[in-house]
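Colleague: Below: one structure in structure tokens.
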């Protein structure tokens, strides 16, 4: 498929509410998802919302990599989620953690998010789907759904000292860009 330039803070498409998907199963929707995956993987992202590649539609993807222990053994499989019209239907718990974003390059901020969420939506064929998530996956769902509503994670940073500039070479094991 194709990779697209990631829109960065200041781009109007990132500040508007994205439009609902109403036609499912089309090749254009499947192509959009493939382009989003290609674009996200090209910049080593963890998640992406359609507005981040300039498309004002309610589509998100999240690709959580598998986890390995110190010996290199897989302890948790990777997960890929593709949601059209996602909605957060339940949230509980709260934790503060660092986040980064492909659309806000060079910065990391500490943001409060729910630790457990339930998300519902539709797949590319229009079938209803639902996911219960915790930890990083829960954070990624909240981050990407925010993008669909014109909200960037920096809007949720509570104070200037909780947002910091980083160099690309700094902390390679730090927060993934979602």
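The values are calculated or read from the model by the stated rules, or taken from the named source; none is laboratory data. Here the structure is a predicted model, which means the values were calculated and not measured. Here Cβ is always computed from backbone atoms with ideal geometry, including for glycine, and neighbour counts include all displayed protein chains.
Colleague: Out of all the residues in the stretch 75-86, which are surrounded by 11 or more Cβ atoms within 10 Å (Cβ to Cβ) and under 12 Å from the mean Cα position of the chain (by Cα)?
Modeller: Scanning the stretch 75-86 gives 81, 82, 83, 86.
Colleague: How many residues does the stretch 20-32 hold that are surrounded by 14 or more Cβ atoms within 10 Å (Cβ to Cβ) and closer than 16 Å to residue 147 by Cα?
Modeller: Of the residues in that region, 1 qualify.
Colleague: Return the residue satisfying two criteria in turn: it lies in the stretch 39-69 and is assigned to a strand (DSSP E or B) and more than 28 Å from residue 9 (Cα to Cα), and of such residues it is nearest to the chain's Cα centre (by Cα).
Modeller: The qualifying residue nearest to the chain's Cα centre (by Cα) is 67.
Colleague: To continue, here is another question. Any residue in the stretch 41-53 that is more than 12 Å from residue 3 (Cα to Cα) sitting within a Cβ distance under 6 Å of a residue that is at pLDDT below 95 and assigned to a loop (DSSP other than H, G, I, E, B)? List the pairs, counting only those 6 or more apart or interchain.
Modeller: What qualifies is 46/176; 46/178; 47/178.
Colleague: Here's another thing I want to ask about it. Can residue 89 be described as more than 13 Å from the chain's Cα centre (by Cα), more than 26 Å from residue 38 (Cα to Cα), surrounded by fewer than 17 Cβ atoms within 10 Å (Cβ to Cβ) and modelled with pLDDT of 95 or more?
Modeller: When the stated conditions are applied, residue 89 passes them.
Colleague: Further, regarding this structure: Given (1) outside any strand (DSSP E or B); (2) at positive phi; (3) under 15 Å from the mean Cα position of the chain (by Cα), where does residue 72 come up short, assuming only one miss?
Modeller: (3)
Colleague: Further, regarding this structure: Got at least one residue in the stretch 6-27 being modelled with pLDDT of 95 or more and in a strand (DSSP E or B)?
Modeller: yes
Colleague: Of the residues in the stretch 118-143, how many are surrounded by fewer than 19 Cβ atoms within 10 Å (Cβ to Cβ) and touching a helix residue (DSSP H, G or I) at 6+ places or on another chain (Cβ under 7 Å)?
Modeller: 1
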